[in-house]
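Since the structure comes first, as structure tokens, the remarks are kept for the end.
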Amino acid sequence: MTPDKINRLGIVAVALFTLLAPWILPVFVDEFWVDIYSEMLIWSLLAASVNLLFGYVGLLSFGQALFFGMGMYGVAIGIAKIGLGFWPAFGFGILLSTTMALITGFLAVRLTWHYFAIITVVFSLIFYFTALSWKPLTGGDDGLSFTMPPIFSFGEETAISLTDPTVQYYFIVLMVGACYALMGVVLKSPLGRAFRTVKENDMRAALIGLNVYMIRLTAFVIAGFVAGVAGALFAFFGRYASATYMFYHVSGEAVVWAIIGGAGTLLGPVVGTTLLITLREELSDVWEHYLIVVGVIVIVVVIFAPKGLGGLWMGMVNRIFDKSANGNQPKEGGE
Amino acid sequence: MSPTQILEIEDIEKHFGGLAALDGVNAHVESGKLTAIIGANGAGKTTLFNVITGILPPSAGRVKFLGQDITNKPVHEISKLGLARTLQIKSVFNGMTVRENLWIAAQSRDGVFKPFQRASASSRANQVADQLCEELGLTQFANQEAANLSYGDIALLEIGIALATEPKLLLLDEPICGMGPAETEQTVEKIRNLAKRIDIVIIEHDIEVVFEVSDEVIVMAQGKVLARGTPAEISTNAEVRTAYLGDDDDA
């Protein structure tokens, strides 16, 4: 057993659970948790988008909800206003968010640290208010709902559509899984290592000939793409789009999920998101000030496990392994 | 331009507000010689390195590397032309392993915008990284995070990172600063060996080391070149003695 193998086993376990959740969850809890779980998976992508920037390139964005919103409105406007089918609307949403990331990133990644954080908030606020006030297109306060077009249709009678809960669940799992697989591949590539050099020491990165600006921009666009997929999926999930989900507190929540889950680990965001959304679902009914609990958890994690739960896990696995072996093994924690 | 001049610095000025950190520097580095830059604190040595490597834009003047004007070029492009440097405050990728540090520097020559290729499949970069680990005596730490290394090993790693980019000219900013006697001796030996295959410019405060390793010495004072010559010429130069070396007379 190497730490690497243990982590791979962990990933297989999460994947198996996810694939079998429609059968496993109803045994223990109410059936609507299957729905909540698929929603968590979608939100985890938003956290993953934050994580890609913060955990790997060292840019803390408080504006990822902007790209989530673009994906969401792309789908809703595509279907309700333009009359697109399922796949074109999906593509339109992702294209919109990725393009938005390219344009805003062009300006934003010139800055770092708090300046970067502030400009991402500013961008997301600009488009939040635009979405809110552009009623004919976005529905403003009321949001924009649509009727679900089929994914595939064969002739007049048969069609596969997300209106079937099983189809919807597995469609979401497939798309979310594809995004994580994509990020996994990129992070293990030369580009992924270049991301980490920029986070670690951008001056040194430039001095060895890496174009820090282009690397940051690329990461920003990939993060925008991932958040866009999440937003598009969320529009399909709820059959509507609303500016509420573009507000910066949504971005902030994603930052918290990413940090709790473990910035700099691929699946940390899934852990953080499921944990905190479960808390919200369970506690918000019982106690309206449940956010105090969330706050305490954040403080405890940040102080005692600065690398989040994912980092805690990696540390544990490495330590257990170090004890059982000679302790001179590669650490794969960062990738 | 003479073909032996690998680096030419022409009338470089750098002003920070009203302060002229560099006040018309003219100098050149000859290929095949180890050049040392000495001078008191604030003479402008590191500022000059920063201008050469593109970290700071000069207020006036030109820098030519291998006959090509590199003034105002971005840092990463200058690196790609074959100019590497270490920093006065040791600068490596702390959270990455020693091997990854060397690997990414080597890979920078082949390009990193390869999102769908596995990093571990880059055979050339792998080879360079392993070879440098061996050469620097860091193989036993290859899979440790750079942050865990001793100070001397971090300095070595930083030189290794610079070498992994296969530079034609290497600028070393106080490479032995903060080292003990044993580490100093080791590093000086390494620098002397390196100078056989690449051109090196070194900023150093330790005059003994400078006179020991260098073929050519440039003395800077108050943002200007005060004198230039072989170590022997410099040690007997009256102007230099009063301006700089004189401080060491009582030592």
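Within the range B:125-184, how many residues turn out to be assigned to a loop (DSSP other than H, G, I, E, B), in contact (Cβ under 8 Å) with a residue 12 or more places away in the chain and among the polar types (S, T, N, Q)?
The first filter runs over the range B:125-184 and keeps only residues assigned to a loop (DSSP other than H, G, I, E, B), leaving B:137-138, B:142-144, B:149-150, B:165-168, B:174-180.
Okay, now just the ones that are also in contact (Cβ under 8 Å) with a residue 12 or more places away in the chain, so B:137-138, B:142-144, B:149, B:165-168, B:174-180.
In the following step, the residues that additionally are among the polar types (S, T, N, Q) were identified as B:143-144, B:165.
Counting residues in the range B:125-184 that are assigned to a loop (DSSP other than H, G, I, E, B), in contact (Cβ under 8 Å) with a residue 12 or more places away in the chain and among the polar types (S, T, N, Q) gives 3.
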Filter result (on the phi < 0 side of the Ramachandran plot and surrounded by fewer than 17 Cβ atoms within 10 Å (Cβ to Cβ)) within the range B:57-72:
B:Pro57, B:Ser59, B:Ala60, B:Arg62, B:Gln68, B:Asp69
Tally of residues being buried (at least 22 other Cβ atoms within 10 Å of the Cβ) and more than 7 Å from chain B (Cβ to nearest Cβ) across the range A:188-211
4
What number of residues within the range A:15-31 satisfy the criterion of being hydrophobic (A, V, I, L, M, F, W, C), over 17 Å from A:Phe171 (Cα atoms) and assigned to a helix (DSSP H, G or I)?
4
Residues satisfying the stated conditions in the range A:139-167, i.e. more than 16 Å from A:Gly85 (Cα to Cα) and not β-branched (Val, Ile, Thr)
A:Gly139, A:Gly140, A:Asp141, A:Asp142, A:Gly143, A:Leu144, A:Glu157, A:Asp164, A:Pro165
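Do we find a residue being farther than 29 Å from B:Ser235 by Cβ, among the small types (Gly, Ala, Ser), in contact with a strand residue (DSSP E or B) (Cβ under 8 Å, 6 or more places away or on another chain) and not in a helix (DSSP H, G or I) anywhere in the range B:29-48?
Taking the range B:29-48 as the starting set, the residues that turn out to be farther than 29 Å from B:Ser235 by Cβ are none.
No; the residues of the range B:29-48 include none that is farther than 29 Å from B:Ser235 by Cβ, among the small types (Gly, Ala, Ser), in contact with a strand residue (DSSP E or B) (Cβ under 8 Å, 6 or more places away or on another chain) and not in a helix (DSSP H, G or I).
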So how many residues does the range B:200-216 have that are in contact with a Lys or Arg (Cβ under 7 Å, 6 or more places away or on another chain) and either buried (at least 23 other Cβ atoms within 10 Å of the Cβ) or hydrophobic (A, V, I, L, M, F, W, C) (or both)?
2
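Does any residue of the range A:35-47 turn out to be in a helix (DSSP H, G or I), of a type in the set (Asp, Glu) and within 23 Å of A:Ala254 (Cβ to Cβ)? Before the answer, list the steps.
Just the residues of the range A:35-47 that are in a helix (DSSP H, G or I), to begin with: A:35-47.
Pick out the ones that are also of a type in the set (Asp, Glu) and you get A:35, A:39.
So of that shortlist, the ones also within 23 Å of A:Ala254 (Cβ to Cβ) come out as A:35, A:39.
The answer is yes; a qualifying residue exists.
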Subset of the range A:258-307, residues under 24 Å from A:Asn7 (Cα atoms), hydroxyl-bearing (Ser, Thr, Tyr) and in a loop (DSSP other than H, G, I, E, B), comes to A:Thr265
Within the range A:84-118, take every residue that is among the small types (Gly, Ala, Ser), over 18 Å from A:Tyr248 (Cβ atoms) and in a helix (DSSP H, G or I) and give me the one that is farthest from the chain's Cα centre (by Cα).
A:Ala89
Go through (1) closer than 21 Å to B:Glu239 by Cβ; (2) free of Cβ contacts under 8 Å to residues at least 24 places away in the same chain; (3) hydrophobic (A, V, I, L, M, F, W, C) for B:Val25 and report which single condition fails.
(2)
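Here's the yes/no breakdown for (1) touching a residue at least 40 places away in the same chain (Cβ under 8 Å); (2) not β-branched (Val, Ile, Thr):
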position	(1), (2)
A:Arg239	yes, yes
A:Met246	yes, yes
A:Ser284	no, yes
A:Ile297	no, no
With (1) part of a helix (DSSP H, G or I); (2) under 20 Å from B:Phe16 (Cα atoms); (3) within 12 Å of chain A (Cβ to nearest Cβ) as the list, and B:Val51 as the residue in question, which single condition is left unmet?
(3)
Failed criterion for B:Glu145 (all others in (1) closer than 30 Å to B:Ile9 by Cβ; (2) surrounded by 14 or more Cβ atoms within 10 Å (Cβ to Cβ) hold)
(1)
A:Ser44: in contact with a Pro (Cβ under 6 Å, 6 or more places away or on another chain) and within 28 Å of A:Leu20 (Cβ to Cβ), yes or no?
yes
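Any residue at all in the range A:225-244 that's within 14 Å of another protein chain (Cβ to nearest Cβ) and closer than 30 Å to A:Gly139 by Cα?
In the first step, residues of the range A:225-244 are kept if they are within 14 Å of another protein chain (Cβ to nearest Cβ); the result is A:225-226.
Checking the rest, the ones that are also closer than 30 Å to A:Gly139 by Cα come to A:225-226.
Within the range A:225-244, one or more residues are within 14 Å of another protein chain (Cβ to nearest Cβ) and closer than 30 Å to A:Gly139 by Cα.
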Condition (residue is surrounded by fewer than 23 Cβ atoms within 10 Å (Cβ to Cβ), within 28 Å of B:Gly178 (Cβ to Cβ) and more than 8 Å from chain A (Cβ to nearest Cβ)) applied to the range B:115-123: is it met by at least one residue?
no
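Do we have A:Gly140 as touching a helix residue (DSSP H, G or I) at 6+ places or on another chain (Cβ under 7 Å) and on the phi > 0 side of the Ramachandran plot here? Give the steps one after another, and end with the answer.
Numbers: touching a helix residue (DSSP H, G or I) at 6+ places or on another chain (Cβ under 7 Å): yes; on the phi > 0 side of the Ramachandran plot: yes.
Yes.
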Does A:Gly58 fit the bill of being small (Gly, Ala, Ser), farther than 18 Å from A:Thr273 by Cα and crowded, with 21+ Cβ neighbours inside 10 Å?
yes
Of all residues making up the range A:166-200, the number that are at pLDDT 95 or above and of a type in the set (S, T, N, Q):
2
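Residue-wise test of (1) out of contact with any Pro (no Cβ under 8 Å at 6 or more places or on another chain); (2) at pLDDT 90 or above; (3) of a type in the set (D, E, K, R); (4) under 28 Å from A:Leu59 (Cβ atoms).
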{"position": "A:Phe236", "(1), (2), (3), (4)": "yes, yes, no, no"}
{"position": "A:Tyr248", "(1), (2), (3), (4)": "yes, no, no, yes"}
{"position": "A:Ala263", "(1), (2), (3), (4)": "yes, no, no, yes"}
{"position": "A:Thr273", "(1), (2), (3), (4)": "yes, yes, no, yes"}
{"position": "A:Leu279", "(1), (2), (3), (4)": "yes, no, no, yes"}
{"position": "A:Val286", "(1), (2), (3), (4)": "yes, no, no, no"}
{"position": "A:Tyr290", "(1), (2), (3), (4)": "yes, no, no, no"}
{"position": "A:Gln329", "(1), (2), (3), (4)": "no, no, no, no"}
Looking at (1) within 29 Å of B:Val213 (Cβ to Cβ); (2) touching a Ser or Thr at 6+ places or on another chain (Cβ under 7 Å), can you tell me which one B:Gln144 breaks?
(1)
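Hey, among B:Lys190, B:Lys196, which residue is out of contact with any Asp or Glu (no Cβ under 8 Å at 6 or more places or on another chain), assigned by TED's automatic domain parsing to the domain that holds B:Thr53, assigned to a loop (DSSP other than H, G, I, E, B) and closer than 30 Å to B:Leu66 by Cα?
Working: B:Lys190 fails: assigned to a loop (DSSP other than H, G, I, E, B).
The conditions single out B:Lys196.
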Those residues of the range A:235-244 that are surrounded by fewer than 24 Cβ atoms within 10 Å (Cβ to Cβ) and part of a helix (DSSP H, G or I) come to a total of 3
Looking only at the range B:74-95, count every residue that is part of a loop (DSSP other than H, G, I, E, B), surrounded by fewer than 17 Cβ atoms within 10 Å (Cβ to Cβ) and more than 7 Å from chain A (Cβ to nearest Cβ) and tell me the total.
4
Check off (1) loosely packed, with under 13 Cβ neighbours inside 10 Å; (2) among the hydrophobic types (A, V, I, L, M, F, W, C); (3) under 13 Å from the mean Cα position of the chain (by Cα) for A:Ile303 and give me the number that stays unchecked.
(3)
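The values are calculated or read from the model by the stated rules, or taken from the named source; none is laboratory data. Predicted, not measured: the structure shown is a model, and the values here were computed from it. A quick note on method: Cβ atoms are made from the backbone with ideal geometry, for glycine too, and the neighbour counts reach across all protein chains shown.
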